[in-house]
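Notes to accompany the following structure.
The values are calculated or read from the model by the stated rules, or taken from the named source; none is laboratory data. None of the values given here were measured: they were computed from a predicted structure. All Cβ positions, glycine included, derive from the backbone under ideal geometry; neighbour counts span all protein chains shown. Accessible surface is based on the protein model in full, side chains and every heavy atom, while ligands, DNA and RNA are left aside. Shrake-Rupley method; radii C 1.70, N 1.55, O 1.52, S 1.80 Å.
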Amino acid sequence: MKAKNSDIEKIEVFSGISKNSIVEIKNSADVIELKKNKALYSDRQQLDYVYFLISGNVSLIKSSESGENRVIFLLNDGSMINEPLMRKNTSGIECWGFEDSKILRIGLKTFDKIMSKDYILARNCMLEMEKRIRRLYRQLKNLTSSNIEKKLAAKLYRLGTQYGLKENEIEDYTYINLNLTVTYIAKMLGYQRETVSRSLKLLAQKEIILQKDRKFYVNIEKARQFFKK
């Protein structure tokens, strides 16, 4: 399926780029669908495309030597999925559909040529990569903490601020508008499911989070105060 102007407008790194770049992207890119729990690409796979998320959510996952999966990033619509500059065009991580998603893809060589003629596009991509690196720094900082409850509160706080919906029937709580499971949260933190389940119960006792009808709610202010102290 060919890309439309409406698809291009949704991608954050395309903001402010030249009209010529938009035309080239529209003429060169196509749109594909990624189903929930299906892989877009695997770790160490040589890639021929740069991918951008039009709608939905995808997980970027890294497997350990023991075979355990760790969710490094959960990306939402408008995000650049992989980097336009990769060592030997090889991915350092794998990408899976968190839910049914629509993805714009453009050939790596073609995108490189477009970037070479559009400073704003190249700068936007570098800023996006910098933002991702900063997020990795925060993750490394959290690894030094042995307090899983604080790590969990911080993760739910960030999910609440990014994907939260305020629901009036549950006062003081924000609904995390994602199809989250305890298993997935455990993969985000790098802990066993049972350990995360116990910690969720402790945070619920402190009225920081609430689980209802398989949905997760977080008290944003209490969560922030808890992991900051």
Residues that are aliphatic (A, V, I, L, M) and surrounded by 13 or more Cβ atoms within 10 Å (Cβ to Cβ): list the strands (runs of 3 or more DSSP E) wholly contained in the stretch 136-229 that include at least 1 such residues. 174-176, 209-212, 215-218
Among Lys229, Lys215, which is the only one that is farther than 15 Å from Ile148 by Cα, at pLDDT below 95 and not hydrophobic (A, V, I, L, M, F, W, C)? Lys215
Output the number of the condition that Ser6 fails; it satisfies all remaining conditions of (1) among the polar types (S, T, N, Q); (2) open to solvent by 50 Å² or more (accessible area, probe 1.4 Å); (3) under 30 Å from Arg158 (Cα atoms); (4) in contact (Cβ under 8 Å) with a residue 60 or more places away in the chain. (4)
Pull up the stretch 37-81, narrow it to residues that are part of a strand (DSSP E or B), of a type in the set (Val, Ile, Thr) and free of Cβ contacts under 8 Å to residues at least 60 places away in the same chain, then point me to the one that is farthest from Phe111 (Cα to Cα). Val58
The lone exception for Gly97 - which of (1) in contact with a strand residue (DSSP E or B) (Cβ under 6 Å, 6 or more places away or on another chain); (2) open to solvent by 10 Å² or more (accessible area, probe 1.4 Å); (3) among the small types (Gly, Ala, Ser) it fails: (2)
Is the stretch 77-93 home to any residue that is over 26 Å from Arg198 (Cα atoms) and among the basic types (Lys, Arg)? yes
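Determine which member of the set Lys26, Lys102 is under 15 Å from the mean Cα position of the chain (by Cα), open to solvent by 50 Å² or more (accessible area, probe 1.4 Å) and modelled with pLDDT of 95 or more.
On the way: Lys26 fails: under 15 Å from the mean Cα position of the chain (by Cα).
After applying the criteria, what remains is Lys102.
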Residues located in the stretch 29-63, provided they are of a type in the set (Asp, Glu) and either under 11 Å from Cys95 (Cα atoms) or open to solvent by less than 20 Å² (accessible area, probe 1.4 Å) (or both): Asp43
Out of (1) more than 19 Å from Leu127 (Cα to Cα); (2) modelled with pLDDT under 95; (3) of a type in the set (D, E, K, R); (4) open to solvent by 70 Å² or more (accessible area, probe 1.4 Å), what's the single condition that is false for Arg87? (1)
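From the set of residues in the stretch 153-174 that are over 17 Å from the mean Cα position of the chain (by Cα) and not acidic (Asp, Glu), which is modelled with the lowest pLDDT?
Asn168
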